[in-house]
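The values are calculated or read from the model by the stated rules, or taken from the named source; none is laboratory data. Worth saying up front: this structure is predicted, and the values here are computed from it rather than measured. Because the Cβ atoms are built from the backbone with ideal geometry, glycine has one as well, and the counts that use them run over all protein chains shown. Quick note on the areas: whole protein, heavy atoms, side chains included, nothing else; ligands and nucleic acids left out. Shrake-Rupley method; radii C 1.70, N 1.55, O 1.52, S 1.80 Å.
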Amino acid sequence: MIYWDLFVAFFIPNIIGYGGGPAIIPLVENEVVGRYGWMTSQQFAETLALGNTLPSPIATKMAGYIGYDVAGIGGGLVATFATVAPSLILMLVALGTLYRYRDSIKVKSMSQWVRPVIMVLMGYLTWSFLNEGVSDSGWIHTVIIGAIAVVMLWRFKLHPVWAVLLGLVYGGLLLG
C-alpha cells in the first residue's frame, strides 16, 4: 500500500502541475506533509534546500529522496517513476499520433517549422552562455576555454564530455 501512496503522491502533482519542477513543489509538499505526513514542513524545506544544491531536475531528486526515505530503494524508484510518468505518457501519445499521421502534409509542414525554431532557441541559449561566461570569468578565460574546446572537438574528435571536464578543471584551478 505504501508504494501506491507514493505513486499517487508524486503522480498527481506532476499530472496537474504546470511549469516544471519548481511549480509542482507546493503540490508535492501538500501531499508529503499535509496528506500523508511523511515529513514535517521543516524537513520538507531542508530536503528542498538540499535538492537545490545538487545538479539535475529538482522534482526527480526530491521524489527519489522522499520515496527512499519513506520506503527504501523501492519507494525511491516508485516515486521517481511517478514523477516522470506523466511526461513519458504524454510524449508516447504525441509520438504515436505524429507517427500515425507522418505522411500528412500538415505534419510534414509542422516538422519543417520546428527545425528553425529549435535552431534559434539553441543559438539564443549559446549566446546566453557566452555572455554569462564573459561576465563571470572575463573575455580571456572564455576565449581560452572556447578555443581549447574547439580544438578538442573538431581537430581531435573527442567526446564533448572531455571538453566539459577540462573546462571544469581549468575553472577550478585558475578561476576558483
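Some notes on this structure:
- Per residue, the solvent-accessible area of the chain (1.4 Å probe, heavy atoms of protein chains only, all protein chains present) comes to 70 Å².
- Rounded to the nearest 10 square angstrom, Leu77 shows an accessible area of 120 square angstrom against a 1.4 Å probe.
- Between Ile144 and Tyr68, the simple label model (points 7 Å from Cα in the Cβ direction) yields a spacing of 3.7 nm.
- Between Leu165 and Ser41, full extension at 0.36 nm per residue minus the direct alpha carbon distance yields a gain of 40.9 nm.
- Projection of the Cα convex hull of the chain, averaged over all directions and equal to a quarter of that hull's surface, yields 14.7 nm².
- Considering only Leu153, Leu92, Leu27, the Gaussian network model of the chain with Cα springs below 10 Å gives its largest mean-square fluctuation to Leu153.
- Surface composition of region 1-127: carbon plus sulfur atoms contribute 70% of the solvent-accessible area (1.4 Å probe, protein chains only, all chains present).
- Whole-Hz couplings from phi, Karplus 6.51/-1.76/1.60, listed for region 102-113; x for Gly and Pro: 4, 8, 5, 5, 5, 5, 5, 5, 4, 4, 5, 7
- Loop sites in region 1-105: trypsin sites (Lys or Arg not before Pro), DSSP, at most 11 other Cβ within 10 Å: Arg102
- Computed log₁₀ I(q)/I(0) - Debye formula, equal Cα scatterers, no solvent, region 68-143, q 0.14, 0.19 Å⁻¹: -0.81, -0.84
- Shown in residue order for region 34-45 are the 3J(HN,Hα) couplings computed by the Karplus curve 6.51 cos²θ - 1.76 cosθ + 1.60 at θ = phi - 60°: x, 7, 9, x, 6, 9, 8, 4, 5, 4, 5, 4 Hz (x for Gly and Pro).
- Within the shell defined by Cβ-Cβ distances under 13 Å, the residues around Leu6 carry a net charge of -2, with Lys and Arg each +1 and Asp and Glu each -1.
- Kirkwood-based shape ratio for region 123-176, expressed as Rg/Rh from alpha carbons: 0.97
- FRET efficiency, Val8 to Leu125 (Cβ-Cβ, R0 35 Å, nearest 0.05): 0.45
- Using just its DSSP H runs of length 4 or more, each adding -39500 (n - 2.57), the chain gives a mean residue ellipticity at 222 nm of -26500 deg cm²/dmol after division by all residues.
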